Amino acid sequence: MVTAVRRTRPTIVCSAALAALLLGGCTGLDHAARPTAAATRTPTSSERFASTPEPITGAGVDATSGSGKPGLTVLTTAARYQLPVKATEQVSDGAIIVTNPLDQPIVLESVEPLFLPGDRTDKTDVTATHIIELNPNDPYDTGLGIQRVAPPALLPGERLLDVAGLTLPAATTPARRYVLSVTFRVHDGMAVVVGLLVKFRVGDHEYAQAISHGIALCEGRPAGAADCPPPPHL
């Protein structure tokens, strides 16, 4: 049985290199946390740290340019998580919640992770991408976040949907909210994701929107490890 718990506000310190990469220092993070069944797990405060990259600042603004192009509104605080993993497990990253603020539908084409630039040394597969439609009757539903299961587990009233061709209806009140879920398997090394790239269509026009988000998935850490070392390619 899954129940809600109070939000916490951890204060965590990150490395200077990662802080510089994400355009600022670290701050506290107000994030919903929900206990899950034994097979699922949301990272603890020691596994996540917040930073201050530039999030989308207004409804319908494209994160890459701020030019006022059509775009999704991001409802979650930009943050960075670190999570030791096993080579045999899959991790479903569902920490980003969005909504369509436009007066017309958005048709999704893809959701792709943006990896840390540089020479990658990890061996990582992106095994699936999904959209989770949150419970429209529960305005406090924020999903189960980052989980060690694939496909991601759902709470009552949620729906697991394919990305390609999915239509997000025009803005409604209350807003219909969606989780961008990307599933990874790290066979070796550490995968460092710094954002998600969402490709979509509005009418006859195509757009791409970068959303600031980070997760470090490190394979091979000793038993009991709660965080990841600095990325080897920085």
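The values are calculated or read from the model by the stated rules, or taken from the named source; none is laboratory data. What you see is a predicted model, and the numbers here were worked out from it, not measured in a lab. Don't worry about glycine lacking a Cβ; one is built from the backbone with ideal geometry, like all the others, and counts go over all protein chains shown.
Annotations for the structure displayed:
- Restricting attention to region 166-205, the residues that are part of a strand (DSSP E or B), surrounded by fewer than 15 Cβ atoms within 10 Å (Cβ to Cβ) and out of contact with any Ser or Thr (no Cβ under 9 Å at 6 or more places or on another chain) total 2.
Results for (1) in contact with an Asp or Glu (Cβ under 7 Å, 6 or more places away or on another chain); (2) surrounded by 21 or more Cβ atoms within 10 Å (Cβ to Cβ); (3) aliphatic (A, V, I, L, M); (4) modelled with pLDDT of 95 or more, shown as yes or no for each residue.
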{"position": "66", "(1), (2), (3), (4)": "no, no, no, no"}
{"position": "80", "(1), (2), (3), (4)": "no, yes, no, no"}
{"position": "98", "(1), (2), (3), (4)": "no, yes, yes, yes"}
{"position": "102", "(1), (2), (3), (4)": "no, no, yes, yes"}
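- Residue match in region 154-161 (condition: outside any strand (DSSP E or B), under 28 Å from residue 228 (Cα atoms) and out of contact with any Asp or Glu (no Cβ under 6 Å at 6 or more places or on another chain)): yes
- Per-region count, region 206-234, residues of a type in the set (D, E, K, R) and crowded, with 21+ Cβ neighbours inside 10 Å: 1
- Residues that are closer than 23 Å to residue 102 by Cβ and touching a residue at least 60 places away in the same chain (Cβ under 8 Å), drawn from region 160-189: 167, 168, 169, 170, 171, 175, 176, 177, 178, 179, 180, 181
- Criterion: over 21 Å from residue 213 (Cβ atoms), at pLDDT below 95 and loosely packed, with under 15 Cβ neighbours inside 10 Å - qualifying residue of 119, 138: 119
- Scanning region 82-96 for residues being in contact with a His (Cβ under 6 Å, 6 or more places away or on another chain), buried (at least 21 other Cβ atoms within 10 Å of the Cβ) and more than 19 Å from residue 161 (Cα to Cα) gives a total of 0.
- One residue from 124, 172 being of a type in the set (S, T, N, Q), out of contact with any helix residue (DSSP H, G or I) (no Cβ under 6 Å at 6 or more places or on another chain) and within 23 Å of residue 230 (Cβ to Cβ): 124
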